[in-house]
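Working notes, beginning with the structure itself.
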Amino acid sequence: MEPNYPLHLPDFYIGDPGPAYRDLRHNSPVHWTSANGGFWGITRYADVKFIGSRPHLFSSANGVLMPDGKPRTADPRPMLITTDPPRHKAMRTLISKGFTPKHINAMEPEVREIVRGVLDSAEPGIEVEYAEGLVAKVPVRIIADLLGAPAEDWEQFRAWSDASVGSADPGVELSSQEAFGALTTYFRRLIALREQHRTNDLISLLMDAEVDGESLSHDELMAFLHLLLVAGNETTRNLIALGTIALINHPEQLRMLVDDPSLIPAAIEEMLRHISPVTHMTRWATEDVELRGKTIRKGQAVVLLYGAANRDEDVFGETAEQFDITRRPNPHLAFGTGEHACLGLSLARLEARVFFEELLARFDRIELTGEVLRMRSTMVPGVRTMHVRLGAADDRAGVR
Amino acid sequence: MRIVLDRARCTGIGICESFAPTVFEVDDNGELVVLSAEVPEGALDEVTAAVEGCPALALRLEP
Ligand code: HEM
Ligand code: SF4
C-alpha cells in the first residue's frame, strides 16, 4: 500500500516530518496527495534538482504556494518569484545588482550594529521572549535599512510588515489588507523621494538599473518591495530561532561554537539543511512528464519538499537525519535550486552569522524556560514565541 | 581544467564569487567576470565549490 501523509496540513511540518520523509523517499518518491485538488510531493534530492532546473517543463506562473483547492491562474502582473523565462532572467539580472556579494558584504557593519542594538536589550539570567522579542527585529530592520527607510520608521514598518504577511499578534487591530495598503503608500513615498534625489540605497539602484534597455516598471518595483518583506523576514527569523533550538538540543555543539566562532558559518549551513526553514515551493507541469514510473499530467502541481531532499541518504549518507555542524560538504537545497534560487541567500547567511557571533560572544548558555509556540504554516512553520534564559560567559566569575 | 560559463543561465548574483573570489567577480553592471579561464594552481577545491554552489547551474568544469 502507498504511504499516506497529510502533506497539505501545517501540523505535518510542525511535528517531526523526518520519518515520513524517509518513507516517502524510499517507497513513493513521486507521491500523489488527493487533498486540496491534488498535487505531487517530491522528496528525493535528485528529483527536486531535476524539476527545479527545468522551468520550461515546470512553471512557477500559477504560484509557488502549495495548492489550496481553489483554481489557480497565472498572475497577470507577476512578481519575480512567479515569473517564468525568458522574462525572469531579465528581471532577476536587473534586481540581483543589489544583492551581489560585494553589496551584501558591505552591509556587515550595519547588520552588526542592528544585531547589537537588539541583543543589548537581553539581560543575562532574566527570562526573555526570544523569537518575537529579539530575533524577529533583526531581518525587518535590515530590510527597512536596505530600502533606505529612516530608523524612526522601523517600528511602524515592522507592524505593517507583520500584519501584511499575517503573522501579527492577533491582538493587533490591523487587517492584512489595511497593512498592505499602508505599506504600498509608504513604498510610494520612498520611491517619490528617490525620484527627486537618488541615494545609494536599493530603491535608487533598482530605479536606475537597466537590462537590454529595459528597466523595472513602477508596478514591478512595488511588487518586488512587497516580495522582499514576505521572502526575507520570517524565513530568516525561523532559521535563527529554530537553529537556536537545535543548539539547545545539542549542548556539545553549542559549546564547540562558543569555543571556536570560526565554525559558525558551517553551523549555519547545517541549520539550513536540517531545519529547511522554507519547507517547499510549488511548480506546475507544462506538459505530461514521466518521473520514476509516474506520469505527471500537464497542469498538475508539483511540490518540491526541500526538507525531505535535504535528508536524502544518497547525498548526505547514513547520518543524514542527524544535526552535525561539522558536516562537509553540505550541498543542501534550503535556498531552492535552479534560476529561482533564493536571491537573498548572501544576506540571510550574513544576518545569521552575525547574529550567532554576537549572541555567543555574550552568552554561552541558552536554556528554554517554557513551551515553544509554533506558527501554523505549511511553507514557513517557524516559531511564534519561545521563552529562554541566557547565561553570560563570565557572570559566574562576577566579572559583569 | 577549464571553467565554462553558460551566460544564458547566469543571473549574476555571485554565489561563485563568495566561494572563489580570486576567480569570479560580479562587476558593477551585475555581469559575472571569470578572471581566469583555467583553474589556477591550488584553487581547485574552491572553484569546485563555486561550480557546485551555482544555483542556476551556469558553471561547468571541462578537462
Ligand atoms: C533563511 C532564510 C531564507 C530561506 C530559507 C529562503 C528560501 C528561499 C527559497 C527556497 C526560494 C526559492 C523559490 C522558488 O524556487 O520558487 C527563495 C527565493 C527568493 N528569496 Fe529567499 N530565503 C531566505 C531569505 C531571503 C532573504 C533574506 C531575502 C531578501 C532580502 C530573500 C529573497 C528571496 C527572493 C526575492 C526570492 C525569489 C527569487 C526568484 O524568484 O528569482 N530570501 N528563497
Ligand atoms: S553563482 Fe552561477 S548564476 Fe550566480 S553569478 Fe556565479 S555563475 Fe552566475
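The values are calculated or read from the model by the stated rules, or taken from the named source; none is laboratory data. Computed from a prediction, not measured in an experiment: that's the story for all the values here. Cβ coordinates were reconstructed from backbone atoms using ideal geometry, including for glycine residues, and neighbour counts include every protein chain displayed.
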Looking at region A:290-304, is at least one residue within 14 Å of chain B (Cβ to nearest Cβ), modelled with pLDDT of 95 or more and either under 25 Å from A:G38 (Cβ atoms) or away from ligand 1 (no atom under 16 Å from the Cβ) (or both)?
yes
Of the residues in region B:15-27, those that are aliphatic (A, V, I, L, M) and more than 9 Å from chain A (Cβ to nearest Cβ) come to B:A20, B:V23
When A:G63 is run through (1) without any contact (Cβ under 8 Å) to a residue 24 or more places away in the chain; (2) on the phi > 0 side of the Ramachandran plot, the failure sits at (1)
> Does region A:344-364 contain at least one residue that is free of Cβ contacts under 8 Å to residues at least 60 places away in the same chain and either within 14 Å of chain B (Cβ to nearest Cβ) or assigned to a loop (DSSP other than H, G, I, E, B) (or both)?
Replying inline: yes
For A:D84, the lone unmet condition from (1) assigned to a loop (DSSP other than H, G, I, E, B); (2) touching a residue at least 60 places away in the same chain (Cβ under 8 Å) is (2)
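Could you tell me whether B:R2 is out of contact with any His (no Cβ under 9 Å at 6 or more places or on another chain) and facing another protein chain (nearest Cβ under 8 Å)?
For B:R2, the condition - out of contact with any His (no Cβ under 9 Å at 6 or more places or on another chain) and facing another protein chain (nearest Cβ under 8 Å) - is not met.
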Scanning region A:255-298 residue by residue, the ones that are of a type in the set (S, T, N, Q) and over 23 Å from the mean Cα position of the chain (by Cα) total 3
Determine whether region A:51-74 contains at least one residue that is within 16 Å of A:L305 (Cβ to Cβ), out of contact with any Pro (no Cβ under 9 Å at 6 or more places or on another chain) and part of a helix (DSSP H, G or I). yes
Heads up, the helices (runs of 4 or more DSSP H) in region A:112-223 (entirely inside) with at least 2 residues that are surrounded by 13 or more Cβ atoms within 10 Å (Cβ to Cβ) and aromatic (F, W, Y) are A:154-164, A:176-196
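Condition check ((1) surrounded by 19 or more Cβ atoms within 10 Å (Cβ to Cβ); (2) more than 7 Å from ligand 2 (Cβ to nearest atom)) across all residues:
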{"site": "B:L5", "(1), (2)": "no, no"}
{"site": "B:G12", "(1), (2)": "yes, no"}
{"site": "B:F19", "(1), (2)": "yes, yes"}
{"site": "B:V26", "(1), (2)": "yes, no"}
{"site": "B:P40", "(1), (2)": "no, yes"}
{"site": "B:A49", "(1), (2)": "no, yes"}
{"site": "B:E52", "(1), (2)": "no, yes"}
{"site": "B:P55", "(1), (2)": "yes, no"}
{"site": "B:E62", "(1), (2)": "no, yes"}
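Matching residues to (1) acidic (D, E); (2) away from chain B (no Cβ under 14 Å); (3) within 21 Å of the chain's Cα centre (by Cα):
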{"site": "A:P17", "(1), (2), (3)": "no, yes, yes"}
{"site": "A:Y21", "(1), (2), (3)": "no, yes, yes"}
{"site": "A:S28", "(1), (2), (3)": "no, yes, no"}
{"site": "A:R87", "(1), (2), (3)": "no, no, no"}
{"site": "A:A90", "(1), (2), (3)": "no, no, no"}
Of the residues in region A:60-83, those that are more than 14 Å from chain B (Cβ to nearest Cβ) and crowded, with 18+ Cβ neighbours inside 10 Å come to A:S60, A:A61, A:N62, A:G63, A:V64, A:M66, A:P67, A:P78, A:M79, A:T82
Among the residues of region A:311-318, is any in a helix (DSSP H, G or I) and buried (at least 21 other Cβ atoms within 10 Å of the Cβ)? yes
Selection over region A:297-354 where residues are out of contact with any Ser or Thr (no Cβ under 8 Å at 6 or more places or on another chain), within 16 Å of ligand 2 (Cβ to nearest atom) and on the phi > 0 side of the Ramachandran plot yields a count of 1
If you go through A:R87, A:R72, the only one that is at pLDDT below 90 and over 30 Å from B:V33 (Cβ atoms) is A:R72
By residue number, the members of region B:28-63 that are within 13 Å of chain A (Cβ to nearest Cβ), part of a loop (DSSP other than H, G, I, E, B) and out of contact with any Gly (no Cβ under 9 Å at 6 or more places or on another chain) are B:D28, B:C54, B:A58
Selection over region A:112-149 where residues are farther than 27 Å from A:E371 by Cβ and of a type in the set (D, E) yields a count of 2
Across region A:370-389, the tally of residues that are closer than 11 Å to A:L242 by Cβ and charged (D, E, K, R) stands at 1
